[in-house]
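Below is one structure; the comments refer to it alone.
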Amino acid sequence: EDIEATENRTKLIDRLKFLYEYSEERKNQDVITLEQSKDKTLTEPFTVLVMGVDSANDGLKANQAFNGDTLMLITFNPNTLTATMFSLPRDLYVPIACNHNRYAKINSSAAYGSSCVIKTVQQLTDVNIDYYVKINFTGVVQLIDALGGVTVDVEKPDFNLNSGIDCKGKVCEQNSKRQFGKEVVYIPIGVQKLNGEQALAYARNRHQFATGDIARNQHQQQVIEAMAHELKNINSVTEFENLLQTVSRNIETNMTPEQMMSFYDVGKDMLANSSGNSLSIKKTYLSYYSLPVWQPGPQRYTSALGYWPGSLEAIKKIYHIKKLVPIYINKDLT
C-alpha cells in the first residue's frame, strides 16, 4: 500500500474520531453497550440492525426516543460474500423487552430508545446484534445520492391513489420532508436508476399496494440490496471519506471510527479476490396475518400484525441459531 493511501486513511480515522467524540459530548441519553461488538472485526460474520427514523429533519439528534419506521436485521459473512436480510414490519405484535414484556407493536419499542429496540429484536429472534445504524429520511436521500443513485425494479402498484393523490399510473409518495402537492415524487414502473428522493419514496410507499407494510418491507430490501451493489464502485479512501461526511449529521451508530474504516479495507480486499459481482443476498420475511388488538383505554380495536411461529423458526435456522424457542401471542391480550 502506498504512503499517500496510508496518510489518507489516518486522516479519515482522525476526522471520524472527532465526530464520534462530538457525539459523546452531546450526552446521548440512550447509551448502548453491545459487549459482543467491542473486539469484533469486520473480517468475521457480523449482524447489523438498521433502524429507519420517521423524521424529515436535517440532523439526527441523540435523543432517547424516536419514531420507528423501519427495522431490518442484516447478517453479513465476508468470508462467503453472503448476506441475509430480515425485515420486521412496524405493526408486528411482540413482547417489548423494556416494558415488562407487554405485547405491543414493535415500533413502539422506539419510544424507549435504541437500546429497547435492540433488546426487543434480540429477544424475538435469538440473534446477537453486533452493531446498529440509525438513519433518518434526509440521511437516506443523501447516502443514495452520494452513491450516484441505485438501480431498482419498481413494482407495479395495485392502486392508483395515494392519500387522494392521482399517481398517474406510477408509484407516488411524499418527498423526504413529508410534502405532497407539487412536491409529490412520481416513479415510473420497471427497472431504472433512482435518485435519493425517488428511492426513499418507493421504500416508504404502502398505500398503493394491497399487502401494505409487507410490500413496503420488500421494497426497502430492494433498495438496501441496490445500495450494497453500488458500494462496490467506491475506489478510494477519499471517496469513502466523502460518503461518510455526507451522512454524518443524519446517521448514528455504535461502530468505532476504526470499524467504520475497516468497511473500506474489507470491501477492497473482497473485490480484489472476487469477480466484483459475487455478493449473494438472501431476503427473508415472516408469514403474517391481520391481528385486531383491543385497547382498553380508548375502548377500541387497533390493527396489528401477528405471525406464525413456524416461519420465525425457519428464519432463525437461516441465521444459524441453534436455540429455537417457539413464540406464541398471548390470546388474552387480543
- Task: Calculate the spin-label point distance for ASN79 paired with GLU183, positioning each point 7 Å from the Cα along the beta-carbon direction, and give it in nanometres.
- Result: 4.9 nm
- Task: Could you please state, rounded to a whole Å, how far the C-alpha centre of region 215-242 is from the C-alpha centre of region 102-158?
- Result: 15 Å
- Message: For region 44-198, take the convex hull of the Cα atoms, compute a quarter of its surface area, and give me that in nm², please.
- Response: 10.9 nm²
- So what's the net charge close to GLN208: Lys and Arg +1, Asp and Glu -1, counting the other residues with Cβ under 14 Å from its Cβ? +1
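Please compute the length gained on full extension between TYR289 and HIS229, using 0.36 nm multiplied by the number of residues separating them and subtracting their Cα-Cα distance. Present the calculation step by step, with values, prior to reporting the outcome.
Values: separation 60, 0.36 × 60 = 21.60 nm, distance 3.25 nm.
Gain in length upon complete extension: 18.3 nm.
Roughly speaking, what is the stretch gain from GLN299 to TYR319, that is 0.36 nm per residue apart minus the C-alpha to C-alpha distance, in nm to one decimal? List each step's numbers first, then the result.
Working: separation 20, 0.36 × 20 = 7.20 nm, distance 3.99 nm.
Value of the extension gain: 3.2 nm.
Bear in mind that the values in this text are calculations on the coordinates, not laboratory data. The structure presented is a predicted model; accordingly, all values stated were derived computationally and were not measured. Cβ sites come from the backbone with ideal geometry, for glycine too, and all protein chains shown count toward neighbours.
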